[in-house]
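The structure under discussion appears below in the form of structure tokens.
The values are calculated or read from the model by the stated rules, or taken from the named source; none is laboratory data. What you are looking at is a predicted structure, and each value in this text was computed from that prediction instead of being measured. Methodologically, a virtual Cβ is constructed for each residue, glycine included, from the backbone with ideal geometry; neighbour enumeration extends over all protein chains shown. Each accessible area value is taken on the protein alone, full model and side chains, heavy atoms only, with ligands, DNA and RNA left out. Shrake-Rupley method; radii C 1.70, N 1.55, O 1.52, S 1.80 Å.
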Amino acid sequence: MNILLTGGAGYIGSHTFLSLIDAGHKPIVVDTFDNSSPQVLDRLHTLTGEKPVFHQADVRDSDRIADILTREKCDAVVHFAGRKAVGEGQSKPLLYFDQNVGGTVQLLHAMNRTGCKKLIFSSSAVVYGNPEYLPIDEEHPLSTCNVYGDTKRTVEDMLRALSASDQEWSVVLLRYFNPVGAHKSGEIGEFPRGIPNNLMPYVTQVAVGQLEKLSVFGNDFDTRDGTGVRDYIHVCDLADGHVSALKLLDEAGCTAMNLGTGKGYSVLDIITTFETVNDVRIPYQITARRPGDVAACYANPSRARSLTGWQAKLGLAEMCRDAWHWQRKNPKGFAET
Ligand SMILES: NC(=O)c1ccc[n+]([C@@H]2O[C@H](COP(=O)([O-])OP(=O)(O)OC[C@H]3O[C@@H](n4cnc5c(N)ncnc54)[C@H](O)[C@@H]3O)[C@@H](O)[C@H]2O)c1
């Protein structure tokens, strides 16, 4: 299939690009480089031996996207483009609604106009809010408690309404848990700008000496060792989940699907495994809980398995190994390698 990847130069998009190529599809990348680098495309070129098909365009430019969909004869879209930092969303709500909700509205107009009505949307476990039970299945009530979550949930609502109103639409909502790690080549990976918000990039930046020590936010949660528990998933497994989800686009309707491993690991599990697998030390200090952080959150991933056959294969050791390989090979990310 010819598949448009909005935000395809980003962390998850670039890994999905490789999975799609491996599966024999033709990905077409659209990106503004708002949160990525043109170097990603060079790396993808090196890894695949082919120059990626790329258009520098903003998803909010509906006419431009419609033109690309037609010219590239796209059969489907995987929509990654958007903003993803919870803290930034709280301080810049208009930016988040504009990019995440407004951007999706414009993309959907372009898809409607050109008759390309198959969409995989990057949603998030954030739509479940504070878990009422664990593991979280797709029937868990939706309840968001920050702007970023509101934008994901609003887009989900919009996509459910759209597919209910028009039987030609086929939509898959992929609710990612906590993607970490990098491609085993170390050529592509996550490179947050500024101080990382997420645990693994923080750990790797401490390991490489760019940050002094890790702050562990709270050790008094109701978990095995008192630190927060999350469902970390290797980004390559996550990328493969998109390829598997493509088969659901053969049928009309809207399907939500968790992409997680089903296993919860604590912050201390991550530190210990990272230190053991990579033979490095991660100095850390216990600090106060962050407002809004929940004790534990992990998926029931059985729907993805039963509907598509997908399940995560890589464990925590591989996630820690590949995250460190990427960081060591690119200590300053893409910009200054
Ligand atoms: N990484 C995570 O932890 C995580 C978890 C759950 C959900 N998600 C969602 O998955 C998607 C991809 O996440 P990621 O980690 O790869 O983020 P990322 O920031 O690395 O990738 C997003 C890409 O979209 C591009 N972009 C932003 N606005 C754009 C626009 N208006 N038009 C075109 N391109 C634009 C950016 O330049 C970037 O390359 C996002 O929608 C995010 O909310 C991510």
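Worth pointing out:
- Taking label positions 7 Å along the Cα-Cβ direction at both Asn197 and Asp98, the computed distance is 1.7 nm, reported to one decimal.
- Hz values of 3J(HN,Hα) by residue in segment 266-274 - Karplus curve (6.51, -1.76, 1.60), Gly and Pro given as x: 8, 4, 5, 4, 5, 4, 5, 5, 4
- Ligands, DNA and RNA excluded, the heavy atoms of His109 present near 100 Å² of accessible surface to a 1.4 Å solvent probe.
- As a rough guide to protection, the peptides 293-305, 3-15 ranked by mean Cβ packing within 10 Å, highest first, stand as 3-15, 293-305.
- Virtual spin-label span in nm between Asp137 and Asp75, 7 Å along Cα→Cβ: 3.2
- Given R0 = 45 Å, the distance between the Cβ atoms of Ser215 and Leu307 translates into a calculated FRET efficiency of 0.70.
- Here the gap between Met1 and Cys145, fully extended at 0.36 nm per residue and compared with their Cα-Cα distance, gives a gain of 48.1 nm.
- Here segment 226-286 exposes an accessible surface that is 45 percent carbon and sulfur, computed with a 1.4 Å probe and the other protein chains kept in place.
- Entry note: the chain has Rg to Rh equal to 0.95, where both radii use alpha-carbon atoms and Rh is the Kirkwood radius.
- Assuming charge only on the beta carbon of Lys and Arg (+1) and of Asp and Glu (-1), the dipole of the chain about its Cα centre is about 360 debye to the nearest 20.
- Rel. contact order, % - alpha carbon contacts under 8 angstrom, at least six apart, the chain: 19
- Sum of side-chain charges, Ala296 neighbourhood, beta-carbon under 13 Å (Lys, Arg +1; Asp, Glu -1): -3
- C-alpha long axis of helix 316-329 to longest principal axis of the chain, angle in °: 80
- Segment Asp279-Ser185, extension gain: residue separation times 0.36 nm, minus the distance between their alpha carbons: 31.9 nm
- Rolling a 1.4 Å probe over the protein heavy atoms of segment 2-132, with every protein chain left in place, gives an accessible area that is 48 percent carbon and sulfur.
- Of interest is the spacing of the C-alpha centroids, which for segment 278-337 and segment 213-249 amounts to 6 Å.
- Within the shell of other residues whose beta carbon sits under 10 angstrom from the beta carbon of Thr32, the net charge comes to -3, with Lys and Arg scored +1 and Asp and Glu -1.
- Angle between the chain longest axis and helix 235-245 axis [Cα atoms, degrees, rounded to 10]: 30
- Dividing the mean sequence gap of close Cα pairs (under 8 Å, 6+ apart) by how many residues segment 207-337 holds gives a relative contact order of 38 percent.
- Nearest 10 degrees, 0 to 90: helix 62-71 Cα axis against the chain principal axis: 70
- The slack between Ser91 and Lys247, meaning 0.36 nm per residue of separation minus the straight C-alpha distance, is 52.3 nm.
- Given Lys184/Lys313; Lys84/Lys329; Lys152/Lys184; Lys118/Lys184, the pairs whose alpha carbons are separated by over 22 Å: Lys84/Lys329; Lys152/Lys184; Lys118/Lys184
- Solvent-accessible area per residue, Å², over the chain with all protein chains present [probe radius 1.4 Å]: 43
- Packing, as the average of other Cβ atoms within 10 Å across residues, places the peptides 233-246, 155-168, 196-209, 271-284 in the order 233-246, 196-209, 271-284, 155-168, highest first.
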